[in-house]
1. Within the stretch 4-49, track down each residue that is at pLDDT below 85 and within 30 Å of residue 118 (Cβ to Cβ).
2. Got a sec? Which of 112, 93 is within 20 Å of residue 340 (Cβ to Cβ), part of a helix (DSSP H, G or I) and at pLDDT 85 or above?
3. Going by what's in this entry, would residue 127 be described as part of a helix (DSSP H, G or I) and closer than 21 Å to residue 349 by Cβ?
4. Being touching a helix residue (DSSP H, G or I) at 6+ places or on another chain (Cβ under 7 Å) and in a loop (DSSP other than H, G, I, E, B) is the filter; apply it to the stretch 19-47 and report the residue that is farthest from residue 354 (Cα to Cα).
5. Evaluate the stretch 101-119: report whether one residue or more is free of Cβ contacts under 8 Å to residues at least 60 places away in the same chain and surrounded by fewer than 20 Cβ atoms within 10 Å (Cβ to Cβ).
6. One residue is enough: does the stretch 178-189 have a residue meeting the conditions crowded, with 18+ Cβ neighbours inside 10 Å and modelled with pLDDT of 80 or more?
7. Can you tell which of 228, 285 is in contact (Cβ under 8 Å) with a residue 12 or more places away in the chain, assigned to a helix (DSSP H, G or I), in contact with a helix residue (DSSP H, G or I) (Cβ under 7 Å, 6 or more places away or on another chain) and crowded, with 21+ Cβ neighbours inside 10 Å?
8. Do we find a residue being in contact (Cβ under 8 Å) with a residue 60 or more places away in the chain, surrounded by fewer than 23 Cβ atoms within 10 Å (Cβ to Cβ) and on the phi > 0 side of the Ramachandran plot anywhere in the stretch 73-82?
């Protein structure tokens, strides 16, 4: 199992070499239209959401290693389809394949690490290893975003083709993984009984609170991801340097990931100081504040706030996983994490479908429409944050309360 633990950060790094991440919306908007670009992202979220729970069940039933391999193959093919795509249909197919790739990785990667740590008797170190993998993950995202932004000056499609090559490297590493003994555990429960077990987990106050938070943070983390690039484009066009939008967008995305790596170093000591509930509420609050800044201004300084986009994830994700994983048995762990991700993707997909419906058929997303969409997210986010803050103080389960405050 030590082999899995050692390879895990490198696996996360290879699958995070997403050279298109800083320019994908600009590419889709250029090839199609703003409304179709938003619709394609909604298709991606629906595709990944629809496979979240089945992929988690597949992982629990047939093993972590095979599930990760399937996900990387789908990711490779999806990037090829989008990079070579000349029509909405082909790009939609690519988005579906990317959704398959994300779904088959989601939850299974974390479950592989925890199962491997459990087999090595190191399960108490899960937060430490997740933070280390987070640094590898976001270092790779930073490098690929920067490089991809400049490649896009010459060819946006090439960034997707290069990402497909990077997926091959991840596939090589995933092939080296050993299946944890608990990773493909047989279960005598029927599907209905398995979902009844999952429902039982969500009746535990701590797990329910974390589930609600994780779903909300997924949605609000992706709002700047979807709308940050058209925001940068508006700022660049108003500054008269729109020809360099892709390079600037890629550089900002790269710097964003480096800031997240630095934030990862602060996560554990900050969590010890604020408590788990405190750092999680702080993280979600930063997400809402960032969206509010993008809504209120198109000044170049506002672009710098995008550097904070992944800081909340760096603060929150290790603690969420560290609290959830020991409370879920191995036969249901990937399914539970996939269900959590499913709800987040479904929530984001619904909002994007609505957004695509209100955007007109123009080639680019107008700043006025962007402000209107972001204002709705801010209003809803504040309501969710207040609910989480209030319920974090009134969890009746004594163990759950102590776990949230320490």
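1. Once the filter is applied, which keeps residues that are at pLDDT below 85 and within 30 Å of residue 118 (Cβ to Cβ), the stretch 4-49 yields 48, 49.
2. One residue alone meets the criteria, 112.
3. Against the criterion (part of a helix (DSSP H, G or I) and closer than 21 Å to residue 349 by Cβ), residue 127 does not qualify.
4. 19
5. No; the residues of the stretch 101-119 include none that is free of Cβ contacts under 8 Å to residues at least 60 places away in the same chain and surrounded by fewer than 20 Cβ atoms within 10 Å (Cβ to Cβ).
6. Yes: one or more hits.
7. Sole residue among the options that is in contact (Cβ under 8 Å) with a residue 12 or more places away in the chain, assigned to a helix (DSSP H, G or I), in contact with a helix residue (DSSP H, G or I) (Cβ under 7 Å, 6 or more places away or on another chain) and crowded, with 21+ Cβ neighbours inside 10 Å: 228.
8. No: zero hits.
The values are calculated or read from the model by the stated rules, or taken from the named source; none is laboratory data. Just so it is clear, the model here is predicted, and its values are computed rather than measured. Counting neighbours? That spans all protein chains shown, and the Cβs are built from the backbone with ideal geometry, glycine included.
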